[in-house]
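*Asks:* This is the structure I have questions about; it appears just below.
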Amino acid sequence: MWNLIRQGGFALLLAAGPVHAVSPADPAKVIRTAFSDADDGFDMVRTQNYYSGFIAETIFETLLTYDYLASPAKLVPRTTTAMPEISDGGKTYTFHLIPGIHFTDDPAFKGKPRELVAQDYAYSFKRLLDPVNRSPSAGFLDGKIVGMNEAVAAAKKSGKFDYDAPLAGLQTPDRYTLQVHLTAPDYNFLYVVAYGALAGTAREVIESYGLQSGRHPVGTGAYMLDQYVPRSKVTLVANPVYRGSTWNFQPSADPMDQQLVRDMQGKKMPQVGRIEISVIEEEQARWLAFQDKQIDIDWIPQLAARTALDGDKLKPEFAAQNIRLQRFTEPAISFTFFNMQDPVVGGYGIEKVALRRAIAMIYNFHDDITLLRQGQASRAEMLIPPGVVGYDPAYRSSIAYDPVLANKLLDRFGYKRGADGYRTLPDGQPIVIRINREASVIYQETAELWKRGFDQIGLRAEFPVSNFADNMKAATACSLMMWQSAWNVDYPDGENFLQLLYGPNSQQGNLGCYQSPAFDALYKQAIALPPGPERLKLYAQMNRQMEADTAWVLQVLRIRNWVTRPWVLGFKKHPVLHAGWEYIDVIKH
């Protein structure tokens, strides 16, 4: 007997009784794609790696997710029967799980079917704040759940989090009900619930694999891990016990949606049986692989923009291949942060601020956009990108490209030039600026752009090379002097970007360990307010405070040009979701 539960834009097929293989996925349907950088395993409690998120989002399931086509982004149920009940003035959320959802088989379950239950989500909430995990995302929940601060304090004292102790803020009155009690109303809480680190997780799996659990992801999602060669290849296959769904999304105002609906409406999902992901760090190699039809879905590398694009359209030779193009400004920002604990560039004295400001003023945004990115970007004026609540198109940064003024600043605050033309610290000690980077061409070119700027103001600079995953680990430990990175939206509110500079989030997303009492006070004020003009004013003030301290060098907003081969149906890059592989189809060719 089958039960049908409607959820957002799709219908879930649920089996009553024993677990059966219900996935409609066809093993002969394969999607091939590529990552430009390596993942860092798939335990999202322990990492914020963007590429890890692609895989984890496909294997694990959060309580809520996003409608595939809705614009602006809209939350919908994922493993719950409906959106949660909200009570107690916005401080209590009650979620009711769909019965009959099961994890994929794993030795940790000792041969028995393992159903997803409310305790699996309570466990994930606790794991995020367990001090031993040092989660970079802990700030998403820190101080928000009744009784959790005391539990965390006890864990720090004893060295072990007590997962079995009752917690007033996380209650499971029955097998399928989760109640979350917050210390205060949190207007972005449901967005946080949809974040990958809070997906349902089986405690037995984590305890079986320990620190290796990131290489052994076991979830309830549409796909499961089949092959994993770290920093080289990831292969996923359809989860045979996945409950399935029917594609039934409603189009937004985007004309692209009409074609998606025509291609996909009414199909049983997922259709694709296998997903093959290669790690190809060099943009040129990845673009050649797409041209050679070795990759089905990718974005056009910026170095290939003039080759492939005629303005905002594909050139005739690519359009003739029926390649589909989706072009948009990513809800993401690229930036270079300063380590505020570093003895050279860190600190809050006026001479340290002057050094950081001078460095920020030598970054040539125009050359970055026109030469490096071939016009596929615009300047990032503020911390919040377009498409995210808090973005102000009229906002202009107070920090401009001005090497002349940068030299005057350094002269004024005692950074003197020696006989060799290079400056020293005010105490006469030598200065060497180190900006870590990855190996691909775009980062090499960015380093050269930085180097030209440093030469203009007489500062020595080095650019150590490592891979993204290792740089991220070092940055999270606040051990890099500077690093160019990017932040892609986790949820569509400016808080998601501003929390990267909130002092208590140091080593938990705040990679520069920026500690500003003024910024932190504004942040606390803002998140206590409901969405509206007053909150947005505080967001703008936080931007100005960051500029005053020059904690980051904001760089560009990237324009992404996603391309798919004609045999791929239903693909649309979502502003928040990573992959969306469970919503697409492949015509066998």
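The values are calculated or read from the model by the stated rules, or taken from the named source; none is laboratory data. Remember, predicted model here, so these are calculated numbers, not experimental data. Positions of Cβ are generated from backbone atoms using ideal geometry, with glycine treated the same way; all protein chains shown enter the neighbour counts. Just the protein is used for accessible areas: all its heavy atoms, side chains included, with ligands, DNA and RNA removed. Shrake-Rupley method; radii C 1.70, N 1.55, O 1.52, S 1.80 Å.
*Asks:* Need the C-alpha centroid separation for segment 367-415 versus segment 122-149, integer Å.
*Replies:* The distance from the Cα centre of segment 367-415 to that of segment 122-149 comes to 35 Å.
*Asks:* Evaluate E = 1/(1 + (r/R0)^6) for Arg215 and Ser398, where r is the Cβ-Cβ distance and R0 equals 51 Å; express this FRET efficiency to the nearest 0.05. Display every interim value, and only then the final one.
*Replies:* Working: r = 45 Å, r/R0 = 0.89.
The computed FRET efficiency comes out at 0.65.
*Asks:* So how strong a dipole does the chain carry about its Cα centre when Lys and Arg Cβ are +1 and Asp and Glu Cβ are -1, to the nearest 20 debye?
*Replies:* 280
*Asks:* Tell me the carbon and sulfur percent of the accessible area for the chain, rounded to whole percent, probe radius 1.4 Å.
*Replies:* About 54 percent, which is the carbon plus sulfur part of the accessible surface.
*Asks:* Accessible area of Lys416, 1.4 Å probe, to the nearest 10 Å²?
*Replies:* Approximately 140 Å² of Lys416 is accessible to the 1.4 Å probe.
*Asks:* Here is a further query. Let me see the pair-distance distribution of segment 506-589: every alpha carbon pair, 10 Å bin width, integer percents in order.
*Replies:* So the P(r) values, bin by bin, are 13, 27, 24, 19, 13, 3.
*Asks:* While we're on this one: Cα-Cα over 32 Å: which of Lys473/Lys524; Lys233/Lys451; Lys112/Lys268; Lys112/Lys573; Lys293/Lys313; Lys74/Lys313?
*Replies:* Working: Lys473/Lys524 27 Å; Lys233/Lys451 34 Å; Lys112/Lys268 28 Å; Lys112/Lys573 37 Å; Lys293/Lys313 20 Å; Lys74/Lys313 28 Å.
Too far apart for the 32 Å limit: Lys233/Lys451; Lys112/Lys573.
*Asks:* To continue, here is another question. Please compute the length gained on full extension between Lys315 and Ser466, using 0.36 nm multiplied by the number of residues separating them and subtracting their Cα-Cα distance.
*Replies:* Here the segment from Lys315 to Ser466 would lengthen by 50.8 nm.
*Asks:* Shifting gears a bit: What's the local net charge at Asp26, with K and R +1, D and E -1, over the other residues with C-beta under 13 Å away?
*Replies:* +4
*Asks:* Considering only C-alpha atoms, what is the centroid distance from segment 157-227 to segment 495-525, in Å?
*Replies:* 24
*Asks:* May I ask you to list the trypsin sites (Lys or Arg not before Pro) in segment 325-392 that are in a DSSP loop and have at most 10 other Cβ atoms within 10 Å of their Cβ?
*Replies:* For trypsin sites (Lys or Arg not before Pro) across segment 325-392 that sit outside H, G, I, E and B with at most 10 neighbouring Cβ atoms in 10 Å, the list is empty.
*Asks:* Choose one of Thr201, Pro185, Pro107: the residue whose Cα lies farthest towards the positive end of the charge dipole of segment 94-218 (beta-carbon charges +1 Lys, Arg; -1 Asp, Glu; about the Cα centre).
*Replies:* With unit charges placed on the Cβ atoms, the residue in question is Pro107.
*Asks:* What is the spread of the Cα atoms of the chain along each of their three principal axes, largest first, in whole Å?
*Replies:* 84, 63, 44
*Asks:* I need the phi-derived Karplus couplings for segment 360-372: 6.51 cos²θ - 1.76 cosθ + 1.60, θ = phi - 60°, integer Hz, Gly and Pro marked x.
*Replies:* 4, 7, 9, 7, 8, 4, 4, 5, 4, 6, 7, 9, 6
*Asks:* Can you give the accessible area of Trp552 in Å² (nearest 10), computed on protein heavy atoms with a 1.4 Å probe?
*Replies:* 20
*Asks:* How long are the semi-axes of the ellipsoid equivalent to segment 312-448, from square roots of 5 times the Cα gyration tensor eigenvalues, in whole Å, largest first?
*Replies:* Working: eigenvalues 269, 66, 36 Å².
In descending order, the three semi-axes are 37, 18, 14 Å.
*Asks:* Next question, about the same structure. Rounded, prolate or oblate, given the Cα gyration tensor of segment 126-197, with a/c below 1.5 counting as rounded? Mind dumping the intermediate values first?
*Replies:* Values: a/c = 1.63, a/b = 1.21, b/c = 1.35.
It comes out oblate by the Cα gyration axes.
*Asks:* Another question about this same structure. Whenever you get a sec, line up Arg203, Arg114 from highest to lowest accessible area (probe 1.4 Å, protein heavy atoms).
*Replies:* On the way: Arg203 70, Arg114 40 Å².
Greatest to least solvent exposure: Arg203, Arg114.
*Asks:* Ok, one more. Straight-line reach from Lys352: which lysines fall under 16 Å, measuring Cα to Cα and dropping same-chain residues less than 8 apart?
*Replies:* Lys408, Lys416
*Asks:* Leaving ligands and nucleic acids out of the surface, order Asp310, Asp67 by accessible area at 1.4 Å, largest first.
*Replies:* Asp310, Asp67
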